[in-house]
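Everything below concerns the one structure shown next.
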Amino acid sequence: MRRPVESAQYASETYRRALDVAGLRGSMSAIGNPYHNAQAESFMKTLKVEDVYVAGYDSFADVAERLPRFIEEVYNSKRLHSALGYRTPEEFEIQLAQKAA
């Protein structure tokens, strides 16, 4: 029986040890389950297409400065999300809070 190929780079002992030293826990789904990381992959694609490829990041300082701005000012406040009925996360949360009140 042939097993699907795992991402060896993320399962390596060296990588797992580095995570442990940093106090982090790796996130890996079961073998053959491509959906575990779908939300993160979708966000990364959006970030790359709508910000990184357009303006480029030259340094870690660029990332530290611009990534929070992209998340707060674009991704959460302006960008429509199909999973939220084509509303922004900000609009969705406001409407959810109003319904709960």
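Taking only pairs six or more apart or across chains, which ones have beta-carbon atoms under 7 Å, a first residue in segment 26-45 that is closer than 24 Å to residue 67 by Cα, and a second residue that is part of a loop (DSSP other than H, G, I, E, B) and at pLDDT below 70?
36/29; 37/29
Can you name every residue in segment 66-101 that is within 16 Å of residue 50 (Cα to Cα), part of a helix (DSSP H, G or I) and over 17 Å from the mean Cα position of the chain (by Cα)?
Those that are within 16 Å of residue 50 (Cα to Cα), part of a helix (DSSP H, G or I) and over 17 Å from the mean Cα position of the chain (by Cα): none in segment 66-101.
Can you tell me which residue is modelled with the lowest pLDDT among those in segment 41-66 that are under 30 Å from residue 82 (Cα atoms) and of a type in the set (Asp, Glu)?
Among those residues, the one meeting the criterion is 41.
Could you check segment 4-40 and list, in sequence order, the residues that are at pLDDT below 65, assigned to a helix (DSSP H, G or I) and surrounded by 10 or more Cβ atoms within 10 Å (Cβ to Cβ)?
If the condition is that a residue be at pLDDT below 65, assigned to a helix (DSSP H, G or I) and surrounded by 10 or more Cβ atoms within 10 Å (Cβ to Cβ), then 10 is the only one that fits.
The values are calculated or read from the model by the stated rules, or taken from the named source; none is laboratory data. What you see is a predicted model; the values in this text were computed from it and never measured. So basically every Cβ, Gly included, is an ideal-geometry build from the backbone, and we count neighbours across all protein chains shown.
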